[in-house]
Amino acid sequence: MLVEGSSRRLLTVDDHVGMAVSGLLADGRQLVNRARDEAAAYKEFYGEPIPGKVLAERIAGFVHAYTMYWSVRPFGVSILIAAWDKDGSSLWMVEPSGLTYNYHGCAVGKGKQASKVELEKLKLTELSCRDVLKDVARIIHSVHDEVKDKEFELEMSWICAESGWKHKMVPKDLAKVAEEEAKAALEEDMDDD
């Protein structure tokens, strides 16, 4: 039985940075703690919030170091880092190997290929955060196999004008409406087939 909120995979690193974790949750928590330390150290040294690119590169370097030595095991986690800074919004993916890439939209984890195909159909640069909620919920539910996969709790967070350019969880009422609309759209697609 899944207890609501017991397995959070969307975490806040700093006011303007959020992180999504896919893989071993304990490894993800370690990377989130490392990212929080990096963000705090950057703010203390430079007097301004850490840019998303800098944070992604620092975390990628840390992750890569764990692939180089036999005495430590590599991290079993892929992460997405979303940030808002003076250059605007950015989304970074850090792989378990330490490679990092910048995206407009990205998927990690078990259903990433099917999710990427669906994300490519969206015009992400033209949509607002509120507009894309239903599509994201639909994509997540469409790649989830109820027979093979365990139960999950849909989590959504954003960094946009509605959240004051801070990383916050999407309000529960909006998330619930988006999830209901997504499930209805999926049922409609199944009925059409």
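Table: residues versus (1) in contact with a strand residue (DSSP E or B) (Cβ under 9 Å, 6 or more places away or on another chain); (2) farther than 30 Å from P49 by Cα; (3) of a type in the set (K, R).
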{"residue": "M93", "(1), (2), (3)": "yes, no, no"}
{"residue": "Q113", "(1), (2), (3)": "no, yes, no"}
{"residue": "R130", "(1), (2), (3)": "yes, no, yes"}
{"residue": "A161", "(1), (2), (3)": "no, no, no"}
{"residue": "H167", "(1), (2), (3)": "yes, no, no"}
{"residue": "K176", "(1), (2), (3)": "no, yes, yes"}
{"residue": "K183", "(1), (2), (3)": "no, yes, yes"}
* For region 94-118, which residues satisfy the criterion of being closer than 19 Å to C129 by Cα and aliphatic (A, V, I, L, M)? -> A107
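Residue check: is K123 farther than 21 Å from G23 by Cα and touching a helix residue (DSSP H, G or I) at 6+ places or on another chain (Cβ under 6 Å)? Break it down into steps so the answer makes sense when it comes.
Numbers: farther than 21 Å from G23 by Cα: yes; touching a helix residue (DSSP H, G or I) at 6+ places or on another chain (Cβ under 6 Å): no.
Against the criterion (farther than 21 Å from G23 by Cα and touching a helix residue (DSSP H, G or I) at 6+ places or on another chain (Cβ under 6 Å)), K123 does not qualify.
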* To do: Return yes or no: is E57 exposed (fewer than 13 other Cβ atoms within 10 Å of the Cβ) and either assigned to a helix (DSSP H, G or I) or not aromatic (F, W, Y) (or both)?
  => no
* **Subset of region 18-31 (residues that are crowded, with 19+ Cβ neighbours inside 10 Å and either of a type in the set (K, R) or touching a Leu at 6+ places or on another chain (Cβ under 6 Å) (or both))** => M19, A20
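Please work out which residue is nearest to G105 (Cα to Cα), limiting yourself to region 35-88 and to residues that are of a type in the set (S, T, Y) and in contact with a Gly (Cβ under 9 Å, 6 or more places away or on another chain).
So in region 35-88, the residues of a type in the set (S, T, Y) come out as 42, 46, 66-67, 69, 71, 78.
From the residues that got through so far, the ones that are in contact with a Gly (Cβ under 9 Å, 6 or more places away or on another chain) too are 66-67, 78.
Details: Y66: 27, T67: 27, S78: 15 Å.
Here the residue is S78.
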* Asked: Within the bounds of region 61-74, is there any residue that is part of a loop (DSSP other than H, G, I, E, B) and open to solvent by less than 30 Å² (accessible area, probe 1.4 Å)?
  -> no
* Asked: Restricting attention to region 35-55, which residues are under 12 Å from V13 (Cα atoms) and among the small types (G, A, S)?
  -> A35, A39, A40, G52
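The values are calculated or read from the model by the stated rules, or taken from the named source; none is laboratory data. Here the structure is a predicted model, which means the values were calculated and not measured. Using ideal geometry, Cβ is built from the backbone for each residue, glycine included, and neighbour counts are taken over all protein chains shown. SASA here: full protein model, heavy atoms, side chains in, ligands and nucleic acids out. Shrake-Rupley method; radii C 1.70, N 1.55, O 1.52, S 1.80 Å.
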